[in-house]
Amino acid sequence: MDKEFSRILSEFLYENQLTQTEFAKAIGVKPSQVSEWLKGKAKPGYDTLKAMAKAYHISADYFLGITDTY
């Protein structure tokens, strides 16, 4: 399991039928930030990763690429 964060996030959004805007609102960031992540130009910090896991009730390990299930 060694996927790039951008691919992990892209798959998560697709599988959960979420738009970048919906995802951004749920975790408290701007949609443009999500866009940067999807392009591979940036990665979320600790607090944002924590917000992602909390908002969707899944382990941060999924977004880190440690596990492939959430």
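If I go through region 31-70 residue by residue, how many of them are of a type in the set (Gly, Ala, Ser) and within 10 Å of the chain's Cα centre (by Cα)? Write out each step before concluding.
Just the residues of region 31-70 that are of a type in the set (Gly, Ala, Ser), to begin with: 32, 35, 40, 42, 45, 51, 53, 55, 59-60, 65.
From what's left, within 10 Å of the chain's Cα centre (by Cα): 51, 53, 60.
Looking only at that region, the number is 3.
Could you list, ordered by first residue, the pairs with Cβ atoms under 8 Å in which the first is in region 51-70 and over 17 Å from TRP37 (Cβ atoms) and in contact (Cβ under 8 Å) with a residue 60 or more places away in the chain and the second is of a type in the set (Gly, Ala, Ser) and assigned to a loop (DSSP other than H, G, I, E, B), at least 6 apart or interchain?
THR67/SER59
Looking at this structure, is ALA42 assigned to a loop (DSSP other than H, G, I, E, B), among the hydrophobic types (A, V, I, L, M, F, W, C) and free of Cβ contacts under 8 Å to residues at least 12 places away in the same chain? Can you show your working first?
Details: assigned to a loop (DSSP other than H, G, I, E, B): yes; among the hydrophobic types (A, V, I, L, M, F, W, C): yes; free of Cβ contacts under 8 Å to residues at least 12 places away in the same chain: yes.
Yes.
Give region 56-70 a look and list any residue that's under 17 Å from SER10 (Cβ atoms) and assigned to a helix (DSSP H, G or I), or say none.
Correct list: TYR56, TYR62, PHE63, LEU64.
Where a number appears in this text, it was derived from the coordinates with a stated rule and is not lab data. As the structure is a prediction and not an experimental result, all values here were calculated from the model. Cβ coordinates were reconstructed from backbone atoms using ideal geometry, including for glycine residues, and neighbour counts include every protein chain displayed.
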